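A quick write-up on the structure given underneath.
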Amino acid sequence: MDFSRLDRNRVILGALGGSLLLLSLLFLPWYSLTDTPQRAQQDAWICGSGEFSCTGFETFPLMRWLLLAGAFAPLILAWILVRGHRLSWAPGEMTMVVGFAAMTLIGYNGIIDRPAPDNGTEFGIGLSYGYFLALLAAIAIAATGFLRSLESGGRKERKAPGTV
């Protein structure tokens, strides 16, 4: 194990991104609901009956596991670098892809298609600070992978089969 392969700034950025994503996914509110009489009348809840805020983990049954795995991507990258594993891709590329995928999932589910109650009403559903911190964390994870892949020189150019 060779810890000299790790860059302290990228380790801090990756650890901060992964920890922030984990924290915001599990504990911080992503969505907030307005307290209106219509909500109780129509039974329009997304966070549980009577709850006016919910985390990303409570809201998304499948995406919660993808984002949880994505939070550990910087840790896995550090493990690969310290152990000196041989890869068929440049170190950091997969972490960068995981960060971009997390950015896309979080962005889509907050900007394009916010969760709505089962009865179809979509009034008064706002984004809370946990959502924005999760988006920032995904950007940090992608940046960590991007910076590492730049350092390794990216993918080596290959020749087509049958050429000299």
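Readers should treat all values here as calculations from the given coordinates under stated rules, not as data from a laboratory. Quantities reported herein were computed from a predicted structural model and do not represent experimental measurements. Note that we place each Cβ from the backbone using ideal geometry, even for glycine, and neighbour counts take in every protein chain shown.
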Taking 0.36 nm per residue of separation between PHE132 and PHE27 and subtracting their Cα-Cα distance, the length gained on full extension comes to 36.5 nm
If R0 = 22 Å, then LEU75 and ILE139, at their Cβ-Cβ distance, give a FRET efficiency to the nearest 0.05 of 0.80
For ARG64 and LYS159 in the same chain, what is the full-extension length gain: residue separation times 0.36 nm, less their Cα-Cα distance, in nm? 30.1 nm
